[in-house]
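The values are calculated or read from the model by the stated rules, or taken from the named source; none is laboratory data. The structure displayed is predicted, hence computed values, not measured ones. No Cβ is skipped: glycine too gets one built from the backbone with ideal geometry, and neighbour counts run over all protein chains shown. Just the protein is used for accessible areas: all its heavy atoms, side chains included, with ligands, DNA and RNA removed. Shrake-Rupley method; radii C 1.70, N 1.55, O 1.52, S 1.80 Å.
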Amino acid sequence: MTIRSLVLCKCFAVLLCHHVLIPLQVQAQNMDSLENVLQTQELPPAEQLRIYDKLSWGYLGISPERAVEFARNGVTLSLVEKDKQMAATLYRNLGVAYYMWNKHDTAVTYLEQALGLALEVRDKNMESRIYIAFGNLYNVTGRYQEAISSHLKALPYMERSGNRLGVGVVYSNIAGIYHKMHNLQQAKKYFSLAEDIAREIDDREGVASILIFKSEMAREEGNHERAVDHAKQAAAIYHKMGNRQQAECIALMTVAKACYDHEDFSSAMEYAREALALAEAGDFGNARANALVIISNIQYHQKQYRKSEATALKSWQSDSTDTNITGNIIANIIRSNVYLGNPEKAEAYFDKYRDLLNERSTTEFQRTLSEMEVKYETEKKQLRILALEERSRLYIGLGVAAGIVLLLAIAILIFRHRLTVSKRLLAEQQVKQLEKEKQLTTMQAVLDGETAERSRLAKDLHDGLGSMLSVVKLNLPEMKSGAVLDTEDMHRFNNAIGMLDDSIRELRRVAHHMMPESLLRYGLKVSLSDFCNAISSVEFHYFGSEQRLDSKLEILIYRSAHELVNNALKHGSAMQINVQLIQEEDRLSLTVQDNGQGFDPEATGGGMGLQNIRNRVETYGGILHIYSTPGNGAEINLEFDLNKNQQA
């Protein structure tokens, strides 16, 4: 099992922005001498603030705790001196220091204060740097769209001011985010732009970051020797710079992963432990968690299952906020306990793994819907204000005209009013149409991402963990052969075998639900028939042609039917459910009818589940109808115009 790219984007998110923000003289100047000057010399406040800025920023890659200390002292002095520009700078340093320290909520608070001051003093340079910091913070917390948006806000100033270093780093950060989202085409595009700039201006740190990216690409292509070579070069550059311990730590972890892929577990463990030592020395929480995950993976493949589980739990304690490594942690705990003969514990953590997947999918989907709603409401208010202002100007003009000629004023009033209403209605129509197109585009992107992620996770669960559990099941009886077990032990052994069978069935059920193989291979009729036949109270009826449809539409129909049947069983307490699919040349209709408790669609709105189905159906230009009353069951119908979908 290959370790996923756990730390690459953390490198871009935490480190690549730093050299675009750190003044070059800070990198060359000795930190101890700066502290000595601050403690032994009588300096004017402006000079003290300058040194606080250098020290707080210079310690970021060495000790976030010390960076916080100097940034706080600087903020206090800048507020006393009423120097808003330096206050913005030091608040920014403080926010980034807390972010490096893995305290994200505190980081957001200080970065927002920094941005407010930067906007107040109109410091575009500092404003762009704060946007980069926000982008990196959003990246680490999994808010990828906001991360890219923040970086793009910083890019125009960097380009206008001729800051080639800043432009290159923004490109690198965006590339890292795309790589994290598995959009390799966009990632390679932006890394190519960043590499051109780094070599053009001889940016050593930028070159090192590109080398880490190339190492990851080589790993994914199976060229392990090149992956190791690139990562070692990056680590050497960071080590030579002397004040980039966290960057060096991440480069060493990249070397460890490349060695691991090549099954050189001895070298992988050596580099991972070296990275762990640097992370613990600098109190880099997320880097420590990543290093521990790599060590846990190595221990698992060396069949040191108890150590693998213990190390994974240590990683979780170091940083439970990074969703990119939480899945790896839980997977190690599950598979270690399978081999240790603890099926109850393995099953418990399997439930946590399933909850994590559902939470990530639901959170991302709801966040996207919330963002669309906020944007829509904001634009609607702006249009309303403009319309009121236009109407006010119109009434004033008509009032003046009425004083001159009453009849002419009435004629002008009627004409202008009709013209204004016509223009306003036309403008509102255009705005609504554009907003609907934006919503549909965004919803389609969310659905495509969800489908791709479900397909990948279903394959990983079925082919990876499912195969492993099956092998364990086959090996357990062999372990029993030749052994003499008393009745109680035999009972426990049989119970363990039974629980393992249940786990395998549950895993396959989850994987099948995420992306049923029959849907991809045979289409809607076969997959829905399999699903309905698996439930005794559900009957399936199919009418019409069996021609294949667009894969996205087939997945939408299948998941809608799955959701509606589950709702009828879970919330409607239905004893009999009929699922009917009618496929004609130009029309597709899905109907789910049950004899359950029913509900009032006007009063309840159908719940969040039905609302999600409605949104997805509307994305494909379909219509959802609900027919239900309390106590009389429910009938829900989905209709699609296939000609319209083909034209779209």
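Summing +1 for each Lys or Arg and -1 for each Asp or Glu among the other residues whose beta-carbon sits under 12 angstrom from that of GLU195 gives +1. An oblate overall shape is assigned to segment 181-247, the ratio a/c of its alpha-carbon gyration tensor axes (a ≥ b ≥ c) being 1.5 or greater and a/b not exceeding b/c. Cross-link pairs exceeding 24 Å between alpha carbons, from the set LYS103/LYS314; LYS180/LYS214; LYS180/LYS232; LYS54/LYS189; LYS54/LYS124: LYS54/LYS189. Remark: C-alpha extents of segment 85-192 on the principal axes read 40, 32, 18 Å, sorted largest to smallest.
Shape verdict for segment 198-309, please, from the Cα gyration tensor: rounded (a/c under 1.5), prolate (a/b greater than b/c) or oblate. Note, shape of segment 198-309 comes out oblate. Could you tell me which of the pairs LYS345/LYS552; LYS188/LYS552; LYS153/LYS423 are separated by over 29 angstrom between their Cα atoms in the structure shown? Pairs exceeding the cut-off: LYS345/LYS552; LYS153/LYS423.
Computed with every protein chain present, the accessible area of ARG505 is close to 140 Å² [probe 1.4 Å].
Take each peptide in 97-105, 227-235, count the other Cβ atoms within 10 Å of every residue, and average; sorted highest first, the result is 227-235, 97-105. Taken as Cα centroids, segment 74-107 and segment 198-240 sit 32 Å apart, rounded to the nearest whole angstrom. Sorting the segments 261-272, 545-556, 170-181 by their residues' average number of neighbouring beta-carbon atoms within 10 angstrom, most packed first, yields 170-181, 261-272, 545-556.
The HN-Hα couplings worked out from phi for segment 331-347 by the Karplus form 6.51 cos²θ - 1.76 cosθ + 1.60 (θ = phi - 60°) are 4, 5, 5, 4, 5, 5, 5, 4, 6, 7, x, 10, x, 5, 5, 4, 5 Hz, whole numbers, x standing for Gly and Pro.
Ordering ARG50, ARG492 by accessible area with a probe of 1.4 Å, largest first, what comes out?
Reading off the accessible areas and sorting them downward yields ARG492, ARG50.
For the set SER529, SER422, SER215, solvent exposure ranked by accessible area (probe 1.4 Å, protein chains only) runs largest to smallest as SER422, SER529, SER215. With θ taken as phi - 60° and the Karplus curve 6.51 cos²θ - 1.76 cosθ + 1.60 applied, the whole-hertz 3J(HN,Hα) list for segment 161-171 is 7, x, 7, 5, 4, x, 4, x, 6, 4, 4 Hz, x standing for glycine and proline.
With all protein chains kept in place, the per residue accessible area of segment 188-237 amounts to 47 square angstrom at a probe of 1.4 angstrom.
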